[in-house]
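Student: Starting off with a structure, shown below.
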Amino acid sequence: SIHVQDNSFVCAVTDTGIGIPEDEKPFIFQRFYRASNAISSYPDGSGLGLYLVKKIIESGGGKLWFTSEENKGSAFFFSIPLTGMKAQEGEVTLA
């Protein structure tokens, strides 16, 4: 879904998948991190997807967050300012 809220576009992507274990939620946006239940259920994957999405969204002045319950699914949300991305100067990195 997508809607306008507080001068931002807010997009939500939800699933009814395996969810994220409570004790692993603080690490989910770290580079190369994969939740233990994801590794056992879906062995392929690099753990870079959510890390890269977070860097891209935040570089444009947006925010990324989620809710999740193990064995019930997850909802990921991101916001992007209605005014567009901030102008970038110099070299752009994902560090």
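Student: Go through the range 30-47 residue by residue and tally those that are surrounded by fewer than 14 Cβ atoms within 10 Å (Cβ to Cβ) and at negative phi. Let's see the steps before the verdict.
Tutor: Step one: filter the range 30-47 for residues surrounded by fewer than 14 Cβ atoms within 10 Å (Cβ to Cβ), giving 30, 32, 36, 39-46.
Filter once more, keeping what is at negative phi: 30, 36, 39-44, 46.
Of the residues in that region, 9 qualify.
Student: Could you say whether any residue in the range 56-71 is open to solvent by 50 Å² or more (accessible area, probe 1.4 Å) and part of a loop (DSSP other than H, G, I, E, B)? Spell out the reasoning first.
Tutor: First, the residues of the range 56-71 that are open to solvent by 50 Å² or more (accessible area, probe 1.4 Å): 56, 58, 63, 65, 67, 69-71.
Checking the rest, the ones that are also part of a loop (DSSP other than H, G, I, E, B) come to 70-71.
The answer is yes, given that some residue of the range 56-71 is open to solvent by 50 Å² or more (accessible area, probe 1.4 Å) and part of a loop (DSSP other than H, G, I, E, B).
Student: So in the range 70-95, with the set limited to residues that are in contact with a Lys or Arg (Cβ under 7 Å, 6 or more places away or on another chain) and farther than 16 Å from I28 by Cβ, which one is modelled with the highest pLDDT? Give the steps one after another, and end with the answer.
Tutor: Residues of the range 70-95 in contact with a Lys or Arg (Cβ under 7 Å, 6 or more places away or on another chain): 78-79, 94.
Checking which are farther than 16 Å from I28 by Cβ leaves us with 79, 94.
Numbers: S79: 95, L94: 65.
Ranking the candidates gives S79 first.
Student: Which residue, of S40, S46, is part of a helix (DSSP H, G or I), more than 11 Å from the chain's Cα centre (by Cα) and of a type in the set (G, A, S)?
Tutor: On the way: S46 fails: part of a helix (DSSP H, G or I).
Answer to the selection: S40.
Student: Got a number for residues in the range 39-58 being among the polar types (S, T, N, Q) and either free of Cβ contacts under 8 Å to residues at least 12 places away in the same chain or under 26 Å from G84 (Cβ atoms) (or both)? Please lay out each step first, then the result.
Tutor: Here is the first cut: in the range 39-58, the residues among the polar types (S, T, N, Q) are 40-41, 46.
So of that shortlist, the ones also either free of Cβ contacts under 8 Å to residues at least 12 places away in the same chain or under 26 Å from G84 (Cβ atoms) (or both) come out as 40.
Count: 1.
The values are calculated or read from the model by the stated rules, or taken from the named source; none is laboratory data. Predicted model, so just to flag it, every value in this text is computed and none were measured. Cβ atoms come from the backbone with ideal geometry, glycine included; neighbour counts cover every protein chain shown. Each accessible area value is taken on the protein alone, full model and side chains, heavy atoms only, with ligands, DNA and RNA left out. Shrake-Rupley method; radii C 1.70, N 1.55, O 1.52, S 1.80 Å.
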